[in-house]
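Only the coordinates and a few stated rules stand behind these numbers; no lab work does. Everything numeric here is computed off the predicted structure, so don't read it as measured data. A quick note on method: Cβ atoms are made from the backbone with ideal geometry, for glycine too, and the neighbour counts reach across all protein chains shown.
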Amino acid sequence: MSNANEPEYPSLTPSVVQIRWKVPTEFPRCPLAVSKEGLEEYAARLAFGGVFSRNN
């Protein structure tokens, strides 16, 4: 769980805010926009063995 005082870091995915993860990272399975159904949509896109994140 995050603390409101923790800094946020930019992500390569527009709808993602990174906390405790300083390297800009892409999360290809995340929805591109924030929505009410976003968490369910994200869960449906995840698959074991699939790419969760990537960065340089």
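Quick one: 3J(HN,Hα) in Hz for the stretch 32-48, Karplus 6.51/-1.76/1.60 with θ = phi - 60°, rounded, Gly and Pro as x.
Values per residue, Gly and Pro as x: 7, 10, 6, 8, 5, 8, x, 5, 5, 4, 4, 4, 5, 7, 6, 8, 4 Hz.
What distance in nm separates the two pseudo spin-label positions at LYS36 and VAL17, each 7 Å out from Cα along the beta-carbon direction?
The two pseudo-label positions are separated by 2.2 nm.
On the Cα set of the chain, report Rg and Dmax in Å, please.
When restricted to the Cα atoms of the chain, Rg and Dmax are 12.0, 34 Å.
Per residue of the stretch 21-27, in order, report the coupling 6.51 cos²θ - 1.76 cosθ + 1.60 (Karplus, θ = phi - 60°) as ³J(HN,Hα) in whole Hz, putting x for Gly and Pro.
Values per residue, Gly and Pro as x: 9, 6, 6, x, 10, 9, 10 Hz.
Run the helix sum for the chain: -39,500 (n - 2.57) per DSSP H stretch of 4+ residues, divided by residue count, reported at 222 nm to the nearest 500 deg cm²/dmol.
Theoretical 222 nm ellipticity from helices: -4000 deg cm²/dmol.
Taking a point 7 angstrom from the Cα of VAL51 along the C-beta vector, which residues in the stretch 19-42 have backbone N less than 13 Å away?
25-30
Which cross-chain or sequence-distant (5 or more) residues have an amide H under 5 Å from the amide H of GLN18, H modelled 1.01 Å from N in plane?
Residues meeting the criterion, in which the H sits 1.01 Å from N, are TYR9, SER11.
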